[in-house]
Structure formats: structure tokens, C-alpha cells
Amino acid sequence: MGALDFGLIVDGAVIIVENCIRRLSEAQQHHGRLLQLKERLEEVKIATIEVIRPSLFGVGIITAVYLPIFTLTGVEGKMFHPMAITVVIALIAAMILSLTVVPAAIAIFMGGKISEKESFLIRWVKLAYEPALRAILKFKAAALGAALAFVVFCGWLATTLGSEFIPQLDEGDVALQALRITGTGLNQSIQMQELLEGALLEIPEVAVVFAKIGTPEVATDPMPPNVADRFRIECLWKLSTVALSTSRSIAALPLSTAMEHWFAMPT
């Protein structure tokens, strides 16, 4: 994504630089000498005016692509709004710089001999592009019809897409954390844990129950002995249904009032 955004940001500046170099090269060949600063400024000004409209139009299209992201709400909006804001601000700033700093820098620093020539890649691409362009201009109606048919097909294809930008994942896994009274010893915590796991396994849909008490050897998630993390795997239960069924099972256990439980989707 970073490489793509960088290419979009410099797009307007590249157009202006290429046209300025072309104008300066033609002016040097016309006068048969190097241009003075005043002459370079005038040529750069003319070159920038020539391409300012397509340059602004291109940057505007790129910016418009990111505008629908601002309509996202919820988790999608929180995830992608910062990215869209950053890209739009960068594009606007790049557009301003490409119309002010870039032309001035070209006129000031490119005072030597300038020659414009096409690379081998450009010449090779033109060999394929020019015949294709002549063929399309010769059969305008067919080309326009094919383009419209493709647009209609894409519009129909868009109607078959899902409506959720980020689908809600429910893989049948539930993370359940038990918080017991502070100061509960390790042995007492293990006993309470065994009672709790036995109650959970009595639920028909529960397949596996396993837990972690305290801090593991790799202390990435340190917990005191009175806190246990359980990971449950069940079959096609929604989180709300699982939480209700489990809460009823826990309430029937001894010392249930000494425990607090949190339900969540595992990450």
C-alpha cells in the first residue's frame, strides 16, 4: 500500500516535470544556447500551464476514489478513516507542491544542457500502442459499445457482492476469562477451575475446554494465580447464546459468587 500511495502522490509532479523538460529542451534547440534564468522561468511557466488541467484532473480522480471510505462506520470506519485522511491530505499537499515548488526548482536547478529522448521501453510500447489506437479510432462505434457493455457488466457484478465491508467472524470459538477474589491461592484456584471446566463440558455443544492459570514461561500475558483464561470450542453457537448458557452453569457451582467472568471472541 505504501508503494502504491507514493506513486499516486508523485503522479502530478511527474507530468509537470516531463513537460517542463520537453519545453526547455525545445527552447535550447531553438536558440542554440543555454537559457538564462528568466527564459527558463518563462518556459517552465508555459509548460506548467499546458498540463495543469490534466494534472489537477488526475489528482482529483485519485482523491475521489478515497472519499467513499469516509462513509464507513463502526469498526470499518475506525480502521480505514485514518488511512483515507492521510492519503487525501498527502495528495492535496503534493498537488500544491507540484504547482509551486516543483516548477520553480526545475527552472532554478536545471540550467545545463537538456535533451529529451525516449527510452527503449517507451519506443517498444509505442510500436504496440499506435496500431491499437488507430484501430480503435477507425471502429469508434464498436469500441464505445464494448466499453459500455463492460461498464454494465461491472455494474451487475457489483450487485452480487456482499454488503459487509468487514464480515463478522464467528468460528465457534469463545474466550472466557475467570477473575476470582484477589489473594486466591494456586491450589484453590485449580480446584475451582476443575469444577468450572466440568460444568462447561456438560453443555452438549462444548467440544473442548482448556485453561491457563497464572503466568506462563514466556511471560507474554502475565496473570496472577486468581485469574484463568479458558478457550472453548463449540459448534455453531452465537456468543450471546453461549454466554447465557454458560452463565447459568456457572451460577449453579459452589463459590460461584467468588468469581467474575468475561466473554469475548478469541484474537
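Over all pairs of different C-alpha atoms in region 66-125, the reciprocal of the mean inverse distance, the Kirkwood hydrodynamic radius, equals 15.3 Å.
Between I92 and V218, what is the FRET efficiency for a Förster distance of 45 Å, r being their Cβ-Cβ separation, to the nearest 0.05? The computed FRET efficiency comes out at 0.45. Of the GluC sites (Glu not before Pro) found in region 64-127, the ones in coil according to DSSP and having at most 16 other Cβ atoms within 10 Å of their Cβ are E116, E118. Counted by neighbouring Cβ atoms within 10 Å, the residues H81, H30 run from fewest to most as H30, H81.
Between their Cα atoms, which of K38/K126; K45/K117; K45/K140; K78/K212 are more than 27 Å away from each other?
On the way: K38/K126 35 Å; K45/K117 22 Å; K45/K140 36 Å; K78/K212 32 Å.
Those over the limit are K38/K126; K45/K140; K78/K212.
With contacts taken as Cα pairs under 8 Å at a separation of at least 6 residues, region 1-135 carries a relative contact order of 40 percent.
When you count, for each residue, the other Cβ atoms within 10 Å and take the mean per peptide, how do 176-187, 60-71, 141-152 rank with the highest first? Kindly include the intermediate steps, with their values, before the conclusion.
On the way: 176-187: 14.7, 60-71: 13.1, 141-152: 10.5.
Put in order of decreasing packing, that is 176-187, 60-71, 141-152.
Only the coordinates and a few stated rules stand behind these numbers; no lab work does. Not measured: the values here are computed from a predicted model. Methodologically, a virtual Cβ is constructed for each residue, glycine included, from the backbone with ideal geometry; neighbour enumeration extends over all protein chains shown.
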